[in-house]
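Undergrad: One structure follows; several queries about it will come next.
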Amino acid sequence: MNRQALKDLHAGPKSEREMRADFFVYALYRPISFAVTPAFLSIGATATNVTMLNLLLASLMPLIALCAPDQAYIGLALITFSCIVLDCVDGNIARSTGSGSALGQYLDSMVGKAYYLLLVIALAIVAHGEVPQIGLGYWLAGALAASVLKIWGREARAYCRLNFSQGEAPLATARIGWQQILFSAAKLVPFGLLALGSIGMTGLLLGALLLMSLTVFLHTQLRILRQLSRTTAPQGGLAAEP
């Protein structure tokens with residue numbers, strides 16, 4: 001399958017909704033993925049193979065930060081850029097070969113969470129090298145907070161979609177403009193690394209990711225609470241977990 005065929009396969013209303021949800025991915029990384037995907041298809045790579053490759057690359061980020069702290073920002077920028085492109089590639093392969101599955105979606109979701117956690121840990125290690133006056137524990141605490149808030153917010157929205165799938169549930173079906181822009185801006189990390197890492201200010205990038213995660217998380221919780229306050233709970237749907 002060639003590049004144009006892949007682009008045609010991704011055209012349509014669904015693609016437009018996804019573009020609004022993650023603008024920078026579709027503006028910057030998706031076009032590159034269309035050029036890269038045919039090479040993976042030619043060697044018989046499956047979507048799961050690409051997902052596991054993504055995980056392998058992401059796992060290198062803390063090691064690079066530890067082994068080459070002064071130049072780590074260059075390696076991290078290359079890896080983060082590659083991981084985002086590969087995240088598009090595995091979707092391209094699944095869609096073009098009709099091999100998408102619930103297991104594949106689950107693995108892709110788990111690898112995405114692992115990628116973000118490994119990224120912020122690597123940023124914390126580099127930031128500590130730049131500003132050793134702030135203990136590594138504090139940098140790691142900020143990194144873990146950013147990761148937890150991002151994952152917690154995403155799971156909260158998934159919970160709302162599960163329980164409010166009928167009617168016009170704003171949080172379940174609508175896109176929250178500025179919130180989605182903030183999430184999409186996180187995909188600019190490779191460029192932020194090159195810009196800030198070169199002047200020894202990687203900590204600012206980690207702080208920005210933490211602030212974005214916190215802002216989006218708080219706004220998401222307010223939207224969920226408002227939705228829950230005016231919606232009758234589905235039978236058994238909102239029961240507390242044991």
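What follows draws every value from the coordinates through simple rules; no lab data is involved. None of the values given here were measured: they were computed from a predicted structure. Every residue, glycine among them, receives a Cβ derived from its backbone with ideal geometry; neighbour counts consider all protein chains shown.
Undergrad: Stretched out fully, how many nm does the piece from L218 to M201 gain, at 0.36 nm a residue minus the Cα gap?
TA: Values: separation 17, 0.36 × 17 = 6.12 nm, distance 2.66 nm.
Fully extending the segment from L218 to M201 adds 3.5 nm.
Undergrad: If you project the alpha carbons of region 44-88 onto the principal axes, what extent comes out on each, in Å, largest first?
TA: If we take the Cα atoms of region 44-88, the spans are 37, 15, 12 Å.
Undergrad: Just to be sure I understand the model, the point goes 7 Å from the Cα along the line to the Cβ. What's the resulting S59 to I181 distance in nm?
TA: 3.9
Undergrad: Still on this structure, please answer the following. How much length is gained on full extension from L103 to A45, taking 0.36 nm per residue of separation minus their Cα-Cα distance?
TA: On the way: separation 58, 0.36 × 58 = 20.88 nm, distance 1.66 nm.
Length gained, L103 through A45: 19.2 nm.
Undergrad: Once you treat every alpha carbon in region 84-171 as an equal point and sum by Debye, what is log10 I(q)/I(0) at q = 0.17 Å⁻¹?
TA: With one equal scatterer per Cα and no solvent, log10 I(q)/I(0) is -0.88.
Undergrad: Hey, what do the phi angles of region 201-207 turn into as Karplus ³J(HN,Hα) couplings, whole Hz, using 6.51/-1.76/1.60 and θ = phi - 60°, x for Gly and Pro?
TA: Taking θ as phi minus 60°, the curve returns 10, 4, x, 5, 5, 4, x Hz for region 201-207.
Undergrad: Quick one: what are the phi-derived ³J(HN,Hα) couplings along region 144-150, Karplus 6.51/-1.76/1.60 with θ = phi - 60°, whole Hz, x for glycine and proline?
TA: 5, 4, 4, 5, 4, 5, 5
Undergrad: OK, next. Using a basic spin-label model with each label point 7 Å from the Cα along Cα→Cβ, how many nm lie between A145 and L188?
TA: 2.3
Undergrad: Report the convex hull volume per residue for region 49-115, counting only C-alpha atoms, in Å³.
TA: Working: hull volume 4.1 nm³, N = 67.
Output value, Cα hull per residue: 62 Å³.
Undergrad: Sorted from largest to smallest, which semi-axis lengths in Å does the alpha carbon gyration tensor of region 23-146 give for its equivalent ellipsoid, taking the root of 5 times each eigenvalue?
TA: On the way: eigenvalues 190, 42, 27 Å².
So the equivalent ellipsoid measures 31, 14, 12 Å along its semi-axes.
Undergrad: Restricting to Cα atoms and excluding each atom paired with itself, what does the Kirkwood estimate give for region 81-126 in Å? Before the final figure, lay out the partial values.
TA: Numbers: mean 1/r = 0.0857 Å⁻¹.
Evaluated on region 81-126, it is 11.7 Å.
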